[in-house]
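Heads up: the structure comes next, in structure tokens.
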Amino acid sequence: MDINTTVCATGHRPKDLPGGYDGNKELQCTIDDIVHSMVDIGYMSFISGGALGIDTYFADSVLIQRAFVPWIDLVIAKPFPSQSSKWPAKSQKKFNEICDAADLVVNVSQDPYSPAKMQTRNKWMVDHSGLVLAVWNGKEHGGTWNCIQYARSQGKRIYHLNPNTLYTYNL
């Protein structure tokens, strides 16, 4: 994985996204278009944190692109091995399907769960990427905000998508 051709994504969980747990087709299509553009300009590896919400949207977009461009890689960076163990059965099934389709699944930390392991996972993703796709609603708190702040401190390029407006720009 070449850091200069690797993108990671950070973003909100379903409760903070338009459409909530039912999903949002417009948001998914916008992420599909962004990933397609990233592949077109030479990005080859894509890292998802594997969480519900944006991480899943992003992984799905990469898998769609990989059907047409088989040489791109999907990496799932799990904060700890049992990440999905307390999720609803439908979400666990989807997560397992994504992990099975991924080129690499990395457990960044070991069990058990702790909130700090989410930030450790985010730092790992940023450290292994040259570009961060931040699907962020502008609220300056929470895991997505912390990941953006860390990416800024590391001098990473950040491409912002507001999930409420679908407006994009560089941070």
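Only the coordinates and a few stated rules stand behind these numbers; no lab work does. The model shown is predicted, which means the values in this text are computed figures rather than measured ones. Neighbour counts run over all protein chains shown; Cβ positions are idealised from the backbone, glycine included.
Some observations on this one:
- Tabulated pairs, segment 84-106, first on the phi < 0 side of the Ramachandran plot, second exposed (fewer than 15 other Cβ atoms within 10 Å of the Cβ), C-beta under 6 angstrom, 6+ apart or interchain: Ser84/Gln92
To keep it simple, each residue is scored yes or no on (1) among the hydrophobic types (A, V, I, L, M, F, W, C); (2) under 13 Å from the mean Cα position of the chain (by Cα).
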| site | (1), (2) |
| --- | --- |
| Thr10 | no, yes |
| Arg13 | no, yes |
| Asn24 | no, no |
| Ser37 | no, no |
| Ala59 | yes, yes |
| Pro70 | no, no |
| Leu74 | yes, yes |
| Pro79 | no, yes |
| Asp100 | no, no |
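- Residue within segment 125-144 that is under 27 Å from Ile64 (Cα atoms), surrounded by 18 or more Cβ atoms within 10 Å (Cβ to Cβ) and free of Cβ contacts under 8 Å to residues at least 60 places away in the same chain present: no
- Applying a threshold of 6 Å to beta carbon distances and a minimum spacing of six or more residues, or different chains, the list of pairs starting in segment 38-51 at a residue that is β-branched (Val, Ile, Thr) and ending at one that is in a strand (DSSP E or B) reads Ile47/Cys8; Ile47/Val75; Ile47/Ala77.
- Residue, farthest from Ala102 (Cα to Cα), within segment 1-37, restricted to residues that are assigned to a loop (DSSP other than H, G, I, E, B) and without any contact (Cβ under 8 Å) to a residue 40 or more places away in the chain: Gly19
- Within segment 47-78, tally of residues that are among the polar types (S, T, N, Q), assigned to a helix (DSSP H, G or I) and either farther than 15 Å from Ser91 by Cβ or in contact with a strand residue (DSSP E or B) (Cβ under 6 Å, 6 or more places away or on another chain) (or both): 2
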